[in-house]
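Undergrad: Pasting a structure below so you can have a look.
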């Protein structure tokens, strides 16, 4: 859970300065495994949330008098009292627990495009965004390739032409063959821009997955992500997932 999500969960904006201090110290303990903190660290969190920063010396004096806090082992540091930790843990049991929620800021694909489509598409799109934002560019490229392949297959299935990208055993061909067919397939009818881009997306994903001495860079993905977003949207419409 990031700081902004925690602030929303605990309604921090409506709290007093001391209540904010309690809840922020609980956040540091549970989400950052930081058992004690300095006043300057606490005021930095106030600033990150765009709250008025407390006067450091005044806040330090208030913390010393407040039963919810005790002195830390390091000089000038405080920690939240164990009793108060138990109370807050009971009130906010999800804080600090391992979660499968993927945190991201929609840097590659906007949530409005894929939310409420299909669960596996949503999870893939969330992971694409999160991996890009956390500088996991090889992972992002591979996931982008995977989502492209899925959306192409779903589009062929929707149009009743899936046999064109299957082998003699009825299995789907490799993405290279699917992309080659897609660029020429009049029934699929990809836009000119998508036709010119899908091989680039496939190649980036293949390099990241299989090329031993290659590592994707931000610039590699930055140069294609707008075209990728447009291509995925087009395929979601062709597959009937978006109406």
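The values are calculated or read from the model by the stated rules, or taken from the named source; none is laboratory data. Only a predicted model underlies this, so the values are computations on that prediction, with no experimental measurement involved. Positions of Cβ are backbone-derived with ideal geometry, glycine not excepted, and every protein chain shown enters the neighbour counts.
Undergrad: Output yes when any residue across the stretch 166-174 is crowded, with 20+ Cβ neighbours inside 10 Å and touching a helix residue (DSSP H, G or I) at 6+ places or on another chain (Cβ under 7 Å), and no when none is. Please lay out each step first, then the result.
TA: Initially, the stretch 166-174 is screened for residues crowded, with 20+ Cβ neighbours inside 10 Å, giving none.
Looking through the stretch 166-174, none of the residues is crowded, with 20+ Cβ neighbours inside 10 Å and touching a helix residue (DSSP H, G or I) at 6+ places or on another chain (Cβ under 7 Å).
Undergrad: Kindly list, by first and then second residue, each pair from a residue in the stretch 175-196 that is more than 11 Å from residue 164 (Cβ to Cβ) to a residue that is in a loop (DSSP other than H, G, I, E, B) and modelled with pLDDT of 95 or more, limited to pairs with Cβ atoms under 8 Å and residues at least 6 apart or on different chains.
TA: Sorted first by the residue in the stretch 175-196, then by its partner, the pairs are 183/190.
Undergrad: Right, something else. Restricting attention to helices (runs of 4 or more DSSP H) lying wholly within the stretch 159-222, give those where 1 or more residues are in contact with a strand residue (DSSP E or B) (Cβ under 8 Å, 6 or more places away or on another chain). Outline the logic, then answer.
TA: Numbers: elements: 175-184, 192-210, 218-222.
Of the helices (runs of 4 or more DSSP H) lying wholly inside the stretch 159-222, those with at least 1 residues that are in contact with a strand residue (DSSP E or B) (Cβ under 8 Å, 6 or more places away or on another chain) span 175-184.
Undergrad: OK, next. Taking the condition of being under 19 Å from residue 23 (Cβ atoms), in contact with a helix residue (DSSP H, G or I) (Cβ under 8 Å, 6 or more places away or on another chain) and at pLDDT 85 or above, how many residues in the stretch 89-110 meet it?
TA: Of the residues in that region, 3 qualify.
Undergrad: Additional query: Can you run down the residue pairs with Cβ atoms below 8 Å, 6 or more apart or on separate chains, where the first is in the stretch 142-156 and in the same structural domain as residue 119 (by TED's automatic domain parsing) and closer than 12 Å to residue 190 by Cβ and the partner is at pLDDT 95 or above and not in a helix (DSSP H, G or I)?
TA: The qualifying pairs are 151/239; 155/188; 155/239; 156/188.
Undergrad: In the stretch 9-48, which residue that is surrounded by fewer than 15 Cβ atoms within 10 Å (Cβ to Cβ), at negative phi and assigned to a loop (DSSP other than H, G, I, E, B) is modelled with the highest pLDDT?
TA: 16
Undergrad: Return the pair list, or none, for Cβ contacts closer than 7 Å from residues in the stretch 8-24 that are within 23 Å of residue 57 (Cα to Cα) to residues that are outside any helix (DSSP H, G or I), at least 6 apart or on different chains.
TA: Short answer, once both residue conditions are applied: 12/49; 17/54; 18/66; 20/51; 22/68; 22/80; 23/10; 23/15.
Undergrad: Would you confirm whether or not the stretch 53-76 contains a residue that is surrounded by 19 or more Cβ atoms within 10 Å (Cβ to Cβ), under 31 Å from the mean Cα position of the chain (by Cα) and touching a residue at least 12 places away in the same chain (Cβ under 8 Å)?
TA: There is no residue in the stretch 53-76 that is surrounded by 19 or more Cβ atoms within 10 Å (Cβ to Cβ), under 31 Å from the mean Cα position of the chain (by Cα) and touching a residue at least 12 places away in the same chain (Cβ under 8 Å).
Undergrad: Given (1) under 18 Å from the mean Cα position of the chain (by Cα); (2) under 17 Å from residue 9 (Cα atoms), where does residue 48 come up short, assuming only one miss?
TA: Only one criterion in (1) under 18 Å from the mean Cα position of the chain (by Cα); (2) under 17 Å from residue 9 (Cα atoms) is unmet by residue 48, namely (1).
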